[in-house]
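Novice: Can you read through this structure? Questions will come right after.
FYI, it's all coordinate maths here, none of it is from the lab. In this text the structure is predicted, and so the values were computed from the model without any measurement. Reconstructed Cβ throughout: ideal geometry from the backbone, glycine too, with neighbour counts over all protein chains shown.
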Amino acid sequence: MNVNAKGTSMTNKVIITCAVTGAIHTPTLSAALPFTPADIARQAIEAAQAGASILHLHARDPENGSPTGDPAVFAQFLPVIHQATDAVINLTTGGSPEMTVEERLAAALKFSPEMCSLNMGSLNFSFHLMGGKIKEWRYDWEKPYILNSEKFIFRNTFADIARNYQLLEPHGTRFEHECYDIGHLYNLAHFADRGIAKPPFFIQSVFGILGGIGTDPDNVMFMRRTADRLFGKDYVWSVLAAGKSQMPLITQAAMLGGNVRVGLEDSLFIERGRLAASNAEQVKKIVRILGEFGLEAASPTEARDLLKLKGREHTRFGH
């Protein structure tokens, strides 16, 4: 029995989130990384067809693949995805470490999604080692963006987090609470104690970011036990892991009764040494792994019910 929130059972169902493009990887690192609106829409739809019930979406500049928070770019692919699939559309409020808080929130405030990501604390967030073997870059912005990440501080202050809750509360938007370290769980507990964050809390435990908690299996257990202690029956747990740790750690999470996240935002690979051909390939792989343990992908309807989402009809993707 897969218990996704303490005391809340969906029998053998697992919510699969697919993070389609993100803001960290760059076009030179993988030809499969989508950055045009058409490619983001196509890969998102294919991921949903493969079994993802939640699609976590960022936007990219269509000309060069650089991260953007411009709602006009989101508008080029969100209606297409909304019309073609029943999957929950989850918009980033993380954007990229170079964006202002206002830029990060702009699309969510315009489109009123069922769900947004919400990063639960500031941290050093570096991926400067990614470009070490690259000799030729497709676009001029990529190399300095990657190398300068050694200097990034990903800002998510208590005031920033509170502002997200405040501004999106009238929209009925709920949150994927991204917790990159144990302290971020306590930050969420702080907002829960103040009555600002409302259960059930969807907690995405993030492993393997340089600056956050590492990918040791013991850390997965530690995150789970800490969340149990802080939130009891009031949370739904999911795990994502960066790079080569993606599949091993999310499989561990599923065995512990959790949910999982895949996608080219988190890892460009399908197995050690082989780049994934698409987001859907990663979704299909975790569906196959889950099936070996008698688990199945939850439907969008089942995900909405468990997470108490407002429903696709109350979004503005069709406008």
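Novice: Mind sorting 55, 249, 210, 109 by how few other Cβ atoms lie within 10 Å of their own Cβ, fewest first? It would help to have the intermediate numbers written out before the result.
Specialist: Details: 55 28, 249 23, 210 16, 109 19.
Arranged by neighbour count, lowest to highest, 55, 249, 210, 109 become 210, 109, 249, 55.
Novice: A further question on this structure: Determine ³J(HN,Hα), in whole Hz, for all residues of region 260-270 in sequence, where each value follows from phi through the Karplus function 6.51 cos²θ - 1.76 cosθ + 1.60 and θ = phi - 60°; x replaces Gly and Pro.
Specialist: Ordered by residue, 3J(HN,Hα) equals 9, 10, 10, x, 6, 5, 8, 8, 8, 10, 9 Hz.
Novice: Still on this structure, please answer the following. Can you tell me how much longer the chain between residue 190 and residue 277 gets when fully stretched, taken as 0.36 nm per residue apart minus their C-alpha distance, in nm with one decimal?
Specialist: Working: separation 87, 0.36 × 87 = 31.32 nm, distance 4.10 nm.
In short, 27.2 nm is gained.
Novice: Counting other beta carbons within 10 Å of each residue's own, what order do 125, 293, 175 fall into, fewest first?
Specialist: Ordered from fewest to most neighbouring Cβ atoms within 10 Å, 125, 293, 175 come out as 293, 125, 175.
Novice: Okay, next question. For each of 221, 115, 99, count neighbouring Cβ atoms within 10 Å of the residue's Cβ, then give the residues from fewest to most.
Specialist: 221, 99, 115
Novice: Here's a follow-up. Towards the positive end of the charge dipole of the chain, with charges on Cβ (+1 Lys, Arg; -1 Asp, Glu), say which of 307, 129, 50 has the farthest Cα.
Specialist: Farthest towards the positive end: 307.
Novice: In a GNM of the chain with a 10 Å cut-off on Cα contacts, which of 204, 43, 166 has the highest mean-square fluctuation?
Specialist: It is 166.
Novice: Mind checking the alpha-carbon convex hull of region 3-314 and giving the volume per residue in Å³? Before the final figure, lay out the partial values.
Specialist: Numbers: hull volume 35.2 nm³, N = 312.
Convex hull volume per residue, Cα atoms: 113 Å³.
Novice: Springs between alpha-carbon pairs under 10 angstrom, Gaussian network model over the chain: which of 201, 77, 152 fluctuates most?
Specialist: Of the options given, 152 has the highest mean-square fluctuation.
Novice: Okay, moving on. List the residues, sorted by chain then number, that are 5 or more residues from residue 176 or on another chain and whose placed amide H is less than 5 Å from its amide H.
Specialist: Those qualifying (amide H under 5 Å, at least 5 residues apart or on another chain) are 116, 117, 118.
Novice: Near the amide H of residue 197, under 5 Å away, which other amide H atoms are found, from residues 5 or more places off or on another chain, if H is placed in the peptide plane?
Specialist: Placed amide hydrogens put 192 under 5 Å from residue 197.
Novice: Let me ask something else. Long-range amide H contacts for residue 236: which residues qualify at under 5 Å (H placed 1.01 Å from N, peptide plane, sequence gap of 5 or more or a different chain)?
Specialist: Hits under the 5 Å cutoff: 201, 202, 203.
Novice: So what J values fall out for region 143-150 if you push phi through Karplus, 6.51 cos²θ - 1.76 cosθ + 1.60 with θ = phi - 60°, rounded to Hz, Gly and Pro as x?
Specialist: Per residue, the Karplus-derived 3J(HN,Hα) values read 4, x, 4, 5, 5, 6, 5, 4 Hz.
Novice: Still on this structure, please answer the following. What's the local net charge at residue 293, with K and R +1, D and E -1, over the other residues with C-beta under 15 Å away?
Specialist: On the way: positive: 13, 285, 288; negative: 292, 296.
So the environment of residue 293 carries a net charge of +1.
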